[in-house]
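Data first, discussion second: the structure below is written as structure tokens.
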Amino acid sequence: MLTSGGDCQSLNATMRGVAKALYNMFDDVEIVGFEEGYKGLMYADYQILKPGDFSGILTRGGTILGTSRQPFKQMREPDENGLDKVEAMKHTYRKLRLECLVVLGGNGSQKTANLLREEGLNIVSLPKTIDNDLWGTDMTFGFQSAVNVATNAIDCIHTTAASHGRVFIVEIMGHKVGWLTLHAGIAGGADIILLPEIPYDLNVVCDALKKRSAAGKKFSIIAVAEGAISKEDAALSKKELKEKKKNSIYPSIAYEIGAKISQATGQEVRVTVPGHMQRGGEPCPYDRVLSTRLGAEAAELIKKGEYGYMVVVKDNEITKIPLSETAGKLKYVDPNGSIIKEAKLVGISFGDK
């Protein structure tokens, strides 16, 4: 078992779900925990986990195994010592005579899990990400806990924004996909929500702020995904956009938007970036339940010898899909989806029109 990529609040709860179910199913089961994700599998850094290791971790954030980011695009490249990473992982797996590798991770981790499946290893994976962007599952563990943290940040900003009559921008995690910003923005009562999937027009954003001021509203809250993009930038090529970001004087998109709003409207703007707080703290009750269910189903697949799947949520039921179907795909916010339409009905602007 390993946890890969960025951490989140429910990794321990999910591992606990897998372990407790396995211990209940088998009289003799040994669980090997690889440290720091795929890195531990490559270099055979592991520990033999005991039932007691899974006690008391349901409410504990982070991961008891540690994690690291191992970019998928570099998996076929040798490490600094010339080590073949894929062959090293396969060697460790076979040396330890493992029956199955359980991978808890997001998009990049699932791609590597699928690569190892193609290389002949028995894999069962679990959908971890605060972005909720894994294709094929309605929900990922970690998402709802991150929504709670991000929403609390917006809630806290409301009081200071109201006191000073300012425009506040809260930058929420999400480079390519805006689910976290969308949900936290709606839950936190944001007036404007800017997402990677809906390129914004700064004039539309400023008009929405002016309209609020004209209606006697003394403050405004803007929830901005860190991957939010203007219509002008969306029209650029990847190379052009990369070059523009490289030469930008702003630390992030929220600061750029804030500066331009201030210049265009004369309103006082402040930026808040909760950052990695969104990954931290204890998992919320929803995630504890979801993690337990997902972990138990993973154990059931192991018991049946059904490998090569990711455990997913479909219509609130726990099921499975082939790893080959989800690896490399993202679940984007649909600009024409019902949740966007409903948000617009209550007056939320997405900066598009």
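The values are calculated or read from the model by the stated rules, or taken from the named source; none is laboratory data. The model shown is predicted, which means the values in this text are computed figures rather than measured ones. With ideal geometry, Cβ positions are generated from the backbone for all residues, glycine too; neighbour counts draw on all protein chains shown. Each accessible area value is taken on the protein alone, full model and side chains, heavy atoms only, with ligands, DNA and RNA left out. Shrake-Rupley method; radii C 1.70, N 1.55, O 1.52, S 1.80 Å.
Scanning the stretch 98-121 for residues that are of a type in the set (D, E, K, R) and touching a Gly at 6+ places or on another chain (Cβ under 7 Å), we see that the one that is surrounded by the most Cβ atoms within 10 Å (Cβ to Cβ) is ARG117. None of LYS303, LYS320 is surrounded by fewer than 17 Cβ atoms within 10 Å (Cβ to Cβ), among the basic types (Lys, Arg) and closer than 24 Å to THR14 by Cα except LYS303.
Listed by first and then second residue, the pairs linking a residue in the stretch 16-41 that is over 23 Å from LEU116 (Cα atoms) to a residue that is open to solvent by 70 Å² or more (accessible area, probe 1.4 Å) and assigned to a loop (DSSP other than H, G, I, E, B), with Cβ atoms under 9 Å apart and 6 or more places separating them unless they lie on different chains, are ARG16/SER55. Of all residue pairs spaced 6 or more apart or on separate chains, those with beta-carbon atoms under 9 Å, a first member in the stretch 166-178 that is assigned to a strand (DSSP E or B) and a second member that is aromatic (Phe, Trp, Tyr) and open to solvent by 20 Å² or more (accessible area, probe 1.4 Å) are VAL167/PHE219; PHE168/PHE219; ILE169/TYR255; GLU171/TYR255. Can you confirm whether the stretch 66-76 contains a residue that is closer than 25 Å to SER252 by Cβ, hydroxyl-bearing (Ser, Thr, Tyr), at pLDDT below 95 and surrounded by 15 or more Cβ atoms within 10 Å (Cβ to Cβ)? The answer is yes, given that some residue of the stretch 66-76 is closer than 25 Å to SER252 by Cβ, hydroxyl-bearing (Ser, Thr, Tyr), at pLDDT below 95 and surrounded by 15 or more Cβ atoms within 10 Å (Cβ to Cβ). Total residues in the stretch 316-334 satisfying the condition of being basic (Lys, Arg) and touching a Gly at 6+ places or on another chain (Cβ under 8 Å): the figure is 2.
Conditions tested, residue by residue: (1) touching a helix residue (DSSP H, G or I) at 6+ places or on another chain (Cβ under 8 Å); (2) at negative phi.
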site: GLU240; (1), (2): no, yes
site: ASN247; (1), (2): no, yes
site: GLY266; (1), (2): no, no
site: VAL269; (1), (2): yes, yes
site: PRO285; (1), (2): no, yes
site: TYR309; (1), (2): yes, yes
site: LYS314; (1), (2): no, yes
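Results for (1) at pLDDT 95 or above; (2) in contact with a strand residue (DSSP E or B) (Cβ under 9 Å, 6 or more places away or on another chain); (3) of a type in the set (Val, Ile, Thr), shown as yes or no for each residue.
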| residue | (1), (2), (3) |
| --- | --- |
| ALA298 | yes, yes, no |
| LYS303 | yes, no, no |
| VAL312 | yes, yes, yes |
| ASN316 | no, no, no |
| PRO322 | yes, yes, no |
| LEU330 | yes, yes, no |
| ALA343 | yes, yes, no |
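Being over 17 Å from the mean Cα position of the chain (by Cα) and open to solvent by less than 10 Å² (accessible area, probe 1.4 Å) is the filter; apply it to the stretch 122-147 and report the residue that is nearest to ALA184 (Cα to Cα). The qualifying residue nearest to ALA184 (Cα to Cα) is VAL124. Of all residues in the stretch 204-231, those being closer than 17 Å to GLY266 by Cβ and open to solvent by 20 Å² or more (accessible area, probe 1.4 Å) number 10. Look at the stretch 56-80: where a residue is under 14 Å from GLY108 (Cβ atoms) and a partner is among the acidic types (Asp, Glu) and assigned to a loop (DSSP other than H, G, I, E, B), sitting 6+ places away or on another chain with Cβ atoms under 6 Å, you get THR67/ASP7; SER68/GLU36. Got a sec? Which of ALA299, ALA259 is closer than 30 Å to PHE26 by Cα and in a helix (DSSP H, G or I)? After ruling out the rest, the residue left standing is ALA299. Which one is nearest to the chain's Cα centre (by Cα), of the residues in the stretch 23-40 that are in a helix (DSSP H, G or I) and crowded, with 23+ Cβ neighbours inside 10 Å? For the stretch 23-40, the residue satisfying everything is TYR38. One residue stands out in the stretch 262-288 among those that are in a loop (DSSP other than H, G, I, E, B) and over 26 Å from SER213 (Cα atoms): the one that is most open to solvent (accessible area, probe 1.4 Å), namely GLU282.
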